[in-house]
1. On the given criteria, is Ile35 in contact with a helix residue (DSSP H, G or I) (Cβ under 9 Å, 6 or more places away or on another chain), modelled with pLDDT of 95 or more, hydrophobic (A, V, I, L, M, F, W, C) and more than 27 Å from Glu236 (Cα to Cα)?
2. Quick one: which residue in Asp136, Asp87, Asp119, Asp71 is modelled with pLDDT of 95 or more and under 13 Å from the mean Cα position of the chain (by Cα)?
3. Would it be correct to say that Val244 is crowded, with 17+ Cβ neighbours inside 10 Å, within 18 Å of Ala207 (Cβ to Cβ) and more than 18 Å from the chain's Cα centre (by Cα)?
Amino acid sequence: MSIIKKELYKKIVKIIKDYETIVLARHISPDPDAIASQIALRDSIRLTFPEKKVYAVGAGVHKFKYLGNLDKVDVNELENALLIVLDVPNFIRVDGIAGLKYQAILKIDHHPAEDIIGDVDWTDEAMSSTCEMIADLIMNTKLVMDQKIAENLYIGMVFDSDRFLLQNTSRETFKTVYELLTVSNIDFIPLYNNLYERSFIEEKFRAFIINHLKISENNFGFIYVSAEDLKKYNVESTIVSNQVNDFYFIKELICWMFVVYDERNDIYKANIRSRGPVINEVASKYNGGGHKFASGCRSKDYKTMEDLAKDLDEACCQYISEENI
């Protein structure tokens, strides 16, 4: 481990030591990496410093209940807190901290930097996941790890790297996985059931997506899933985002966007993936963002989604031209 990283880890542990009240938050509509990193770090801090008040906040997702419970706490009643922000680079997408009176921010994230700048800031786009970062942190400091923490971190790493198939996977990723499995001795095979087990209805819905996905001459794929479509297949809007990674190895696609209407919150949600064109810069034009090849966007206006789709299609056209595909 480099001297720079050692110093960074010392700063992270010190700022955690300095605060009696700690609130951990992540992005809205969380995926397993976001929730797993949040719960794993919370539980590690609790085991290491039992006297501290440590809370993981934000809306839960029933599908990810197996990762652990979030805390039901009124953040307005907390004062002089350390806010730990995980897996999110911008304040507009942080869930559950409205009214929180925090004194400092510790940020740990693998997205490109935006407006959140931590008093202690660990932003590293080279990492496959926030869970990889938390695993590396815990294993190289005095923070405590138990088997459940190790399991959650492994799940988050597997999910965000799509089983180590995506471009964000590095040699360091595999090194961290090896060390995690070595120190924890977890049985990782059963953990895949929680990530990949699906109902027959979900598979029928995936067939619906395949049959209705429109692919442009620039190899851009687009589908809009309405509230009526969700009701027809008796699935929740989160199912759409869970299936977007299934399309990485379709030859005719270099970029694709799934848009779903969330009737409960009256908002359109876009999940975007790419096998070439950089998409987070396009998404940021519409108050979205994320990684170069995995991004998202939300809007109350469907026209925003149409405009975003046009820009993504143009990005595909430009990529094909530049790469001589």
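1. Here the answer is no, as Ile35 does not meet what is asked.
2. Asp87
3. Working: crowded, with 17+ Cβ neighbours inside 10 Å: yes; within 18 Å of Ala207 (Cβ to Cβ): yes; more than 18 Å from the chain's Cα centre (by Cα): no.
For Val244, the condition - crowded, with 17+ Cβ neighbours inside 10 Å, within 18 Å of Ala207 (Cβ to Cβ) and more than 18 Å from the chain's Cα centre (by Cα) - is not met.
Results for (1) in contact with a Leu (Cβ under 9 Å, 6 or more places away or on another chain); (2) assigned by TED's automatic domain parsing to the domain that holds Gln38; (3) within 13 Å of Ala40 (Cα to Cα); (4) in contact (Cβ under 8 Å) with a residue 24 or more places away in the chain, shown as yes or no for each residue.
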{"site": "Asn80", "(1), (2), (3), (4)": "no, yes, no, yes"}
{"site": "Ala98", "(1), (2), (3), (4)": "no, yes, no, no"}
{"site": "Pro112", "(1), (2), (3), (4)": "no, yes, no, yes"}
{"site": "Ile116", "(1), (2), (3), (4)": "no, yes, no, yes"}
{"site": "Ser128", "(1), (2), (3), (4)": "yes, yes, no, yes"}
{"site": "Leu137", "(1), (2), (3), (4)": "yes, yes, yes, yes"}
{"site": "Thr141", "(1), (2), (3), (4)": "no, yes, no, yes"}
{"site": "Met145", "(1), (2), (3), (4)": "yes, yes, yes, yes"}
{"site": "Glu151", "(1), (2), (3), (4)": "yes, yes, yes, yes"}
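The values are calculated or read from the model by the stated rules, or taken from the named source; none is laboratory data. Computed from a prediction, not measured in an experiment: that's the story for all the values here. No Cβ is skipped: glycine too gets one built from the backbone with ideal geometry, and neighbour counts run over all protein chains shown.
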